[in-house]
Amino acid sequence: MSKKPIIVFEGIEGSGKSHHVSKVSKYLKSKRIGYIKIREPGGSLNSEKIRKLILNKNSNFDVNTDLLLYLAARSENIKLINKYYKKKIILIDRFIDSTIAYQHYGMGIDLKIINIINKYLLKNIKVDFTFLNIVNKENLYLRLKKRKSLNRYDQFNMNFYNKVQKGFLKLSKSNKKFYKIIDSNIDIKKNENLIINQLKKLIK
């Protein structure tokens, strides 16, 4: 594994992934270790524009349009990722697995289509490690309720989120060596330490 890995944080809404990306960023900054942090959709200037369109709660896209917008946002990030690939640690809040979990397992889009476009966009770019954050429906509901504003993807029903989370878990089982499942229903400090300890192993 590269000592400048691509590390992805995955999980459904309310699973704590963005919190842990932030904590890892602060840790790397404190150690003066070079890294970049992006999110999907988002990250680059143009990808952030697409993010606003996708997540606007007034948007009502066809599922295929949704998929293509997400992949368009990813396309805009590829130049940024290539610039720092194997030169700096790359932290990504959602990436390939989110597209498969949400658009295939959640919305029923043909997996072959997603894989073909991802392969075309990424070429030789490979994720080194994934932290998959899981959450039960009680905590998911409570965490979404506390948010000051909800975007379009915060407002699906529990059945949808359940399908997506099961999709993530299927993906993790296919490549266990490069995944760590983070149970966000337990103490958050314990998970922060667990992730930082794993990070140290990845970059030592």
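The values are calculated or read from the model by the stated rules, or taken from the named source; none is laboratory data. Every value quoted in this text rests on a predicted model; they were computed, and no experiment measured them. Heads up, the Cβs are rebuilt from the backbone with ideal geometry, glycines too, and the neighbour counts pull from every protein chain shown.
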Original post:
Are there any pairs, at least 6 apart or on different chains, whose C-beta atoms fall under 7 Å, with the first in the range 187-198 and closer than 19 Å to residue 135 by Cβ and among the hydrophobic types (A, V, I, L, M, F, W, C) and the second part of a helix (DSSP H, G or I) and at pLDDT 95 or above, and if so, which?
Top reply: 195/20; 195/24
**OP:** Looking at (1) surrounded by fewer than 20 Cβ atoms within 10 Å (Cβ to Cβ); (2) more than 27 Å from residue 154 (Cβ to Cβ), find the lone condition where residue 89 falls short.
**Re:** (1)
**OP:** Filter the range 63-86 for residues that are without any contact (Cβ under 8 Å) to a residue 40 or more places away in the chain, crowded, with 21+ Cβ neighbours inside 10 Å and aliphatic (A, V, I, L, M) and give the result.
**Re:** 73
Subject >> Single match in 49, 4 (criterion: touching a Phe, Trp or Tyr at 6+ places or on another chain (Cβ under 9 Å), more than 12 Å from residue 92 (Cβ to Cβ) and of a type outside the set (Val, Ile, Thr)) >> reply: 4
**OP:** For the range 63-83, name all the residues that are among the polar types (S, T, N, Q), over 14 Å from the mean Cα position of the chain (by Cα) and under 16 Å from residue 39 (Cβ atoms).
**Re:** 75
Original post:
free of Cβ contacts under 8 Å to residues at least 60 places away in the same chain, surrounded by 14 or more Cβ atoms within 10 Å (Cβ to Cβ) and not aromatic (Phe, Trp, Tyr) - does that describe any residue in the range 142-164?
Top reply: yes
**OP:** Output yes when any residue across the range 119-136 is in contact (Cβ under 8 Å) with a residue 24 or more places away in the chain, surrounded by 15 or more Cβ atoms within 10 Å (Cβ to Cβ), among the polar types (S, T, N, Q) and more than 26 Å from residue 193 (Cα to Cα), and no when none is.
**Re:** no
Original post:
Which residue, of 3, 29, is surrounded by fewer than 16 Cβ atoms within 10 Å (Cβ to Cβ) and modelled with pLDDT of 95 or more?
Top reply: 29
Original post:
Among the residues of the range 72-98, how many are touching a Leu at 6+ places or on another chain (Cβ under 7 Å) and closer than 20 Å to residue 171 by Cα?
Top reply: 2
Original post:
Quick one: in the range 84-131, which of the residues that are under 17 Å from the mean Cα position of the chain (by Cα) and of a type in the set (S, T, N, Q) is nearest to residue 8 (Cα to Cα)?
Top reply: 130
Original post:
Before we move on, is residue 161 closer than 19 Å to residue 41 by Cα and of a type outside the set (S, T, N, Q)?
Top reply: yes
Subject >> Number of the exception - residue 175 against (1) surrounded by 13 or more Cβ atoms within 10 Å (Cβ to Cβ); (2) touching a Ser or Thr at 6+ places or on another chain (Cβ under 9 Å); (3) polar (S, T, N, Q); (4) modelled with pLDDT under 95 >> reply: (1)
Original post:
Are any of the residues in the range 139-154 touching a strand residue (DSSP E or B) at 6+ places or on another chain (Cβ under 9 Å) and among the polar types (S, T, N, Q)?
Top reply: no
